[in-house]
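What follows is a short report on a single structure.
Every number in this text was worked out from the coordinates using simple rules, so none of it is lab data. A quick note: this is a predicted structure, and the numbers were derived from the prediction, not measured. With ideal geometry, Cβ positions are generated from the backbone for all residues, glycine too; neighbour counts draw on all protein chains shown.
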Amino acid sequence: MASTIGSRLRSSGFGSPGFGDEMSIYGRRHVRWIGIAAGFVALLLLLPTMATYVNPGYVGIVIRRTGGGVTPEPLGPGLHLRNPLTTGIEEYPVYMQTLILARSAFEGSPNNDEINVNSVEGQPVSLDVSMSFELEQRMVPKLYSTFRTDIHAIQHTYVKQAVRQALQEVVGSENIADILGPKKAEMVARSQRLLEEKLSPYGILVKQFTVNEIRAPGSVMEAINQKNVMQQQALTAQNELQKSRFIAEGDSIQATGRAKAILAEAQAQAKANLLLAQSITATRVQYEMAKKWNGQMPQVSGSAIPMLQLPRP
């Protein structure tokens, strides 16, 4: 029975010398196809990471994972190929941005980001400020190498500290009344120049710096308001005094003019009287009498010379 079964197996091919070789070839082919399929799947998985798209308004920072350094030249907007195993890409914005540092949560960060400094008298001053800036494209890799973080974190650490230092340097050299009044614009301009000097070495270009609100202690504000009221009152009194002086000077000028006019009139009248007196002679009197005589003789008699009544002038 056993010999019969063995003969049947040999006749069907099982147990023959070529059967094992065929199985080995089939296994190798199967493994090869599995490897090809796995490689294709891996390629599909890696393909999206082999290309990087940098958005408009941004630059790409190429980070070398093998050496831990950063490529000095940034990638511009567009599609770029890379080796995902050896390099990484970090995007940085280069468009105009505005950092708001204020007490109110509606103006910027939910935290209280106001800037607190002291005036030259040592009085505390708090300010709400804003700064508009851009990143210089060619210097973005250096900025990343220095801070190793994103631009938002840099704004609320180094940049915020730079703003505080600039304001302390400027506000700390001025009286609080001047900062709140006539020297506010000068204070803002000086602070912006200091920020430009502090931030430009890192490629942070300050475009505009604004102080939106200045807050001082209530007692200081009350004293300043009283001083302003007193100055206004003094200015009003000075204006009234000046007005009175102008009126008095005007009256004096008018009086002087009237006196001169009266004197001139009197002098003219006196001169006329003198001339008139010098012109009256006996002959002139007889002549004037003759001009007014009507030819009638006086109605009196006697040896006396008749008296002629001269008409009143």
If amide H atoms are modeled at 1.01 Å from N in the peptide plane, then the residues at a separation of 5 or more from Tyr58, or on another chain, having amide H under 5 Å from its own are Val94
Checked against the positive end of the charge dipole of the stretch 97-216 (+1 on Cβ of Lys and Arg, -1 on Cβ of Asp and Glu, about the Cα centre), the farthest of Val129, Gly172, Gln208 is Gln208
Which whole-Hz ³J(HN,Hα) couplings does the stretch 54-68 yield from phi under the Karplus relation 6.51 cos²θ - 1.76 cosθ + 1.60, θ = phi - 60°, glycine and proline marked x?
9, 6, x, x, 10, 10, x, 9, 8, 9, 8, 6, 6, x, x
Sequence-distant aspartates and glutamates (8 or more away, or on other chains) whose Cα lies within less than 15 Å of Lys207
Glu134, Glu136, Glu196, Glu197
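Between beta-carbons, use under 13 Å as the cut-off and find the net charge around Pro84, counting Lys and Arg +1, Asp and Glu -1.
Values: positive: Arg64, Arg65, Arg82; negative: none.
So the surrounding residues net to +3.
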Any aspartates and glutamates whose Cα falls less than 15 Å from that of Lys260, other than same-chain ones fewer than 8 residues away, would be Asp251
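Scan the stretch 175-218 for trypsin sites (Lys or Arg not before Pro) in coil per DSSP, keeping those whose Cβ has at most 12 other Cβ atoms within 10 Å, and list them by number.
On the way: sites: Lys183, Lys184, Arg190, Arg193, Lys198, Lys207, Arg215; in loops: Lys183.
Passing both the DSSP loop test and the Cβ count: no residue.
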Sorted by average packing, counted as other Cβ atoms within 10 angstrom per residue and highest first, what order do 129-141, 61-73, 246-258 take?
129-141, 61-73, 246-258
Read phi for every residue in the stretch 196-202 and hand back ³J(HN,Hα) as whole Hz from Karplus 6.51 cos²θ - 1.76 cosθ + 1.60, θ = phi - 60°, with x for Gly and Pro.
4, 5, 6, 9, 4, x, 9
Translational D (Stokes-Einstein, µm²/s) of the stretch 97-216 at 37 °C and 0.692 mPa s when Rh comes from the Kirkwood sum over C-alpha pairs?
223
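Counting Lys and Arg as +1 and Asp and Glu as -1, each charge on the Cβ, what is the dipole of the stretch 109-179 about the Cα centre in debye, to the nearest 20? Write down the numbers at each step before the final one.
Values: 5 positive and 10 negative charges, 99 e Å.
Magnitude of the dipole: close to 480 debye.
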Give, as a single signed number, the net charge of other residues whose beta carbon lies under 15 Å from the beta carbon of Ile204, with Lys and Arg counted +1 and Asp and Glu -1.
+1
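Between Arg103 and Gln242, what length comes free when the chain is fully extended (0.36 nm per residue of separation minus the Cα-Cα distance, one decimal in nm)? Before the final figure, lay out the partial values.
Working: separation 139, 0.36 × 139 = 50.04 nm, distance 4.69 nm.
The span from Arg103 to Gln242 would gain 45.4 nm if fully extended.
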Taking amide H positions as placed in the peptide plane 1.01 Å from N, state which residues far from Arg82 in sequence (5 or more) or on other chains have amide H under 5 Å from it.
Ala51, Thr52
Residue by residue through the stretch 85-97, which ³J(HN,Hα) values in whole Hz follow from phi under the Karplus form 6.51 cos²θ - 1.76 cosθ + 1.60 (θ = phi - 60°), with glycine and proline marked x?
7, 10, 9, x, 10, 10, 8, 10, x, 10, 7, 5, 10
Could you tell me the calculated FRET efficiency between Ser219 and Arg138, based on Cβ-Cβ distance and R0 = 51 angstrom, to the nearest 0.05?
0.50
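Quick check: net charge around Pro141, other residues with Cβ under 13 Å of its Cβ, Lys/Arg +1 and Asp/Glu -1? Provide the component values of the computation, followed by the final result.
Values: positive: Arg64, Arg138, Lys142, Arg148; negative: Glu73, Glu90, Glu91, Glu136.
Charge balance in the 13 Å sphere: 0.
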